[in-house]
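Beneath this line is the structure, given in C-alpha cells, with notes to follow.
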Amino acid sequence: MVRIAIVEDSEQDSHRLQTCLDRYGAEKDVKMQTSWHRSAEEFLDSFQYQYDIVFMDIRMGGMDGMKAAHKLREKDDKVILIFLTSLAQYAVQGYEVDALDYILKPLTYPALELKFQRALRRCHPKEDEEEILIASGTERYRVKAEELFYIEVFEHHLHYKTARETIKGYGTLKDVEKLLPEKGFFRLNNQTIVNLRHIQQIRGNTAVLDGREFDISRMRKKDFMAEFHRYGLRI
C-alpha cells in the first residue's frame, strides 16, 4: 500500500492528479491510499509520518509550498516529495528540500506516470529491504520488515520485537496492519501480529517464534495456515 498526500489548494488540479493516480493504480495493479489537503497549514498540522509520497503545489494561498516543504523536512527527511507547479523556475529550489522531482501543470498522465514510477522505486524497495516506521514517544525508528519478529499489545502499549531490541510504541494493531507489507505478516489474535518468516514451529493452536508461544485464534487458524503455506514457508 502506497500512502499519498496531495497538498493542493485547487480542487480541479487535485481531482486531475487523483484521476491520474487512479488510472496508474488500475493499470499497474498498485494499491494506494490518498489524502487531499487544501492548505499547507492543514497538512502540516495533521502530519504524523503517515505518508510515503507527498505531492506539493508550490503556489498556494497562505503558506506556499516551498516554505511548507522546509517545515516538512524539519519533521521528516525521508518522505518523498514531488512538486506541482505551473512555472518550472519555481521548482529549481527543490534541491534545498531534497525534492525528487516536479510536474508541470496542467498535469498529464504521461508526465505523472514517468515521475511516479521513479517515486515508487525509491519508497518501495525490494521486499527484504522494506522498512516500517515506528513512533515511540518523540523518537522515530525505522526497522526492516524482515527483522521484525512480532508486534504485541502489552500493558496498553505496542511492543515491536526484533532480534536486537523491543521498541515500545502507541496505537492499535489495526493501525499497524495498514503499515505492514502485504505479504509475510499475520494477525494471530486480538493481541499479536507475527512475522511468518520467523515462525519456528506450529503446535496445535499456537505458533512458536523467538522462543515464545502465541495463541492462534480458532476463527483465524484456517486462514493462518493458508497464508503460511501460500507464502512458501516451511518448518
Can you tell me which residues in region 31-64 are of a type in the set (Gly, Ala, Ser) and modelled with pLDDT under 95? 46, 61, 62
Of residues in region 65-116 being closer than 30 Å to residue 140 by Cβ and of a type in the set (S, T, N, Q), the one modelled with the lowest pLDDT: 93
Output the qualifying pairs, or none if there are none: Cβ atoms under 8 angstrom, residues six or more apart or on different chains, first residue in region 88-113 and of a type in the set (Lys, Arg), second residue in a helix (DSSP H, G or I) and at pLDDT 95 or above. 105/13
Considering each residue of region 153-183, count those that are of a type in the set (Asp, Glu) and in contact with a strand residue (DSSP E or B) (Cβ under 8 Å, 6 or more places away or on another chain), and give that number. 1
Of the listed residues (112, 104), the one being touching a Ser or Thr at 6+ places or on another chain (Cβ under 8 Å) and over 30 Å from residue 210 (Cα atoms) is 104
With the requirement that a residue be farther than 15 Å from residue 18 by Cα, touching a strand residue (DSSP E or B) at 6+ places or on another chain (Cβ under 6 Å) and outside any loop (DSSP other than H, G, I, E, B), what does region 95-113 give you? 101, 102
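Which residue is modelled with the highest pLDDT, if the candidates are limited to region 192-203 and must be surrounded by 14 or more Cβ atoms within 10 Å (Cβ to Cβ) and of a type in the set (S, T, N, Q)?
Narrowing region 192-203 to residues surrounded by 14 or more Cβ atoms within 10 Å (Cβ to Cβ): 192-199, 202.
Imposing the further condition that a residue be of a type in the set (S, T, N, Q) reduces the set to 192, 195.
On the way: 192: 97, 195: 93.
Here the answer is 192.
The values are calculated or read from the model by the stated rules, or taken from the named source; none is laboratory data. Everything numeric here is computed off the predicted structure, so don't read it as measured data. For neighbour counting, all protein chains shown are included, and Cβ atoms are generated from backbone atoms with ideal geometry for every residue, glycine included.
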